[in-house]
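The values are calculated or read from the model by the stated rules, or taken from the named source; none is laboratory data. Just so you know, these numbers come straight off a predicted model, no measurement behind them. Methodologically, a virtual Cβ is constructed for each residue, glycine included, from the backbone with ideal geometry; neighbour enumeration extends over all protein chains shown. For the accessible areas, the whole protein counts, side chains as well, though only heavy atoms, and no ligand, DNA or RNA atoms are used. Shrake-Rupley method; radii C 1.70, N 1.55, O 1.52, S 1.80 Å.
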Amino acid sequence: MDTRQLAAFCAVVERRSFSHAAEQLGVTQPAVSLQVRALEKRLGTQLLDRSGRRVEPTEAGRRLYRGAQRLLTLEAQMLDELAAEAEGELTGSLSIGASTGPAAIVVPQLLCEFQAAHPGVRVALEVHDTRTVVELVAERRLELGIVGAAPRHRGVRYEPFAYDEVVLVCPPGHRFAGRDLDVHELVSETLVVMQEGAGVRRIVEDELRRLGLRLRDLDLRLELGLQESVRSAVLAGFGVTFISRAAVESDLAAGALAEARVSGMNGRREISLARGTGRVSSRIADAFAEFAQGRAPTPAAFRTTDRARTA
């Protein structure tokens, strides 16, 4: 039922005049007449008696008027509630996923700060590899994702909001420690890698391919899942790995790990918010996106390094 037609009809019944109804509604008299005629045509019955000096409702018109009043009152209440919700305190749930790199460093703090600022919001975070997070967002099982790579997916769009760097790390006494390497030196070294679907692994694969190597050309004896697993393996001396700088910043500072640089390899990456395409975002999701955009780039662990890369 078109509530504009009902509002015009009710105004005519109440004012007993098309011209007075138009004045009340702030429209022209022909516009009111058109709305009422359209309503009568749709219902297949005459609603107003126009034969006298004043317009009077027919029997059908009186029945419709009583129901229309209730419907218009309900509509006004609903609009008032929505307006209050749009302007009032955030309440409800935020379902969000993150890949392991961002989830280990920046995401928990962001979510805790966001929830503290909005006590009426319940936050639920799921941690997966990048590919799984993207799939869950595309399937609308998660409203937002935070990922360190942006694999193409027609069901997802990305909004970059922070930066990180993928670095090669090794034990401090390793022959790679502190050196600039030719990419082919990696062939003779045990490389600890993350599982397929991890954002760091995707970036490494792309960069190696650009430099003329494939990941399978290297000595891949240890594929240990996600970030914390490969970090632990390298700390224990079982090989070298590519990993998020944010995940090993404290280890590098303490001398527990050392960094090596592969000539020509660019490990800089964007940390992105993933949203489902064609999906209307909730007010909570929009509020968190704005919150994250204003805070995520500042932590030291996620600043892009300015060190020049030599080709």
Note to self: I'd like to check something: does the stretch 133-149 contain any residue that is open to solvent by 20 Å² or more (accessible area, probe 1.4 Å) and either in a strand (DSSP E or B) or more than 20 Å from residue 278 (Cβ to Cβ) (or both)?
What the structure shows: no
Notebook entry, point to check: What residue, among those in the stretch 4-14 that are open to solvent by less than 40 Å² (accessible area, probe 1.4 Å) and farther than 15 Å from residue 60 by Cβ, is farthest from the chain's Cα centre (by Cα)?
Noted result: 11
Checklist line | Single residue of the stretch 155-196 satisfying the filter (small (Gly, Ala, Ser) and open to solvent by less than 20 Å² (accessible area, probe 1.4 Å)) that is modelled with the highest pLDDT | finding: 155
Check: So, in the stretch 205-225, of the ones that are among the charged types (D, E, K, R) and in a helix (DSSP H, G or I), which residue ends up surrounded by the fewest Cβ atoms within 10 Å (Cβ to Cβ)?
Finding: 216
Check: Which of the residues that make up the stretch 88-104 are among the polar types (S, T, N, Q) and assigned to a strand (DSSP E or B)?
Finding: 93, 95, 99
Next item on the list: Please work out which one of (1) in contact with a helix residue (DSSP H, G or I) (Cβ under 9 Å, 6 or more places away or on another chain); (2) at pLDDT below 90 is the condition residue 306 fails and give its number.
Entry: (1)
Note to self: Tell me the residue from 33, 17 that is more than 50 Å from the chain's Cα centre (by Cα) and at pLDDT 90 or above, please.
What the structure shows: 17
Next item on the list: State all residues of the stretch 28-80 that are in a helix (DSSP H, G or I), among the acidic types (Asp, Glu) and surrounded by 13 or more Cβ atoms within 10 Å (Cβ to Cβ); if no residue qualifies, say none.
Entry: 40, 75
Checklist line | Search result, residues across the stretch 266-286 that are within 25 Å of residue 232 (Cα to Cα) and either at pLDDT 90 or above or in contact with a Pro (Cβ under 8 Å, 6 or more places away or on another chain) (or both) | finding: 270, 271
Margin query: Testing residue 178 on (1) touching a residue at least 40 places away in the same chain (Cβ under 8 Å); (2) assigned to a strand (DSSP E or B), one condition comes back false. Which one is that?
Written below: (2)
